[in-house]
Each structure stands twice: as C-alpha cells, then as structure tokens.
Amino acid sequence: MTAGNGGAAGSVGTPGRDHWGDSMFCLLGGGGVKGGQVVGSTDRLGARPHTRPVTPCNIHATIYEVLGIDPKLHLNRPERPARAGARRPDAKSTSCF
C-alpha cells in the first residue's frame, strides 16, 4: 500500500505552495485485493472527490477484510474503546471494493 495527497494546488500561499487536502491517491496490491480497479475520481482540477469518495476509514476496513479481520470488530481498551475499521455513516459497505 502507498498513499499520498493530491499534490500542489494551483495557488501559492504563504510561506509556500498550498496543497489540496480533500483528494488523495492510494494504491493497494496483493493480499487478496482485486487488481485492475479504479475506485472514485476527482474533479477536473484534482481538488475534490467527484465520484465515490473513499475515506481513510474505508481503506482501513478494506485492509482488515482482505486480512480476514472483521472491520466491525470492537477493540475494548478501557481508556478508549474503538472499532477496528470504521466507516462513513452513509457508506453502503465498509470496504472500498
């Protein structure tokens, strides 16, 4: 897996170039991930999601699923209970694929 932001914005801020934080890329391979897919797209500038936005939580859930771990698994730490793989409330599935 490798991921990064969408790159430099078309404007220059202070003290340097701005970045578009609303879009990113993520490449997944191996481990049961089905190859040859493109999931989602950005607007023509690459600034914002256009179709099928995917969050880091969806990517985490995908990784858990291909590893055979239930992304709905609850990690019961006394100080901070959490789900292993969260998802957006409006997502139809926890995973990206």
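Just so you know, all these numbers are worked out from the coordinates, no wet-lab data involved. Source: prediction; values computed, not measured. When we count neighbours, we look across all protein chains shown, and the Cβ atoms used for this are built from the backbone with ideal geometry, even at glycine.
Quick one: which residues, 5 or more positions from R83 or on another chain, have an amide H under 5 Å from its amide H? H modelled 1.01 Å from N in the peptide plane, none for Pro or chain starts.
Counting only residues 5 or more places away or on other chains, the set is L75.
Once you place label points 7 Å from the Cα toward the Cβ at H74 and T55, how far apart are they in nm?
Placing both labels 7 Å beyond Cα along the Cβ direction yields 1.9 nm.
Under 1.5 on a/c is rounded, so check that first for the range 16-82, then, if it is not, pick prolate when a/b is larger than b/c and oblate when it is not; a ≥ b ≥ c are the square roots of the alpha carbon gyration tensor eigenvalues.
Because a/c hits 1.5 or more and a/b fails to exceed b/c, the range 16-82 counts as oblate.
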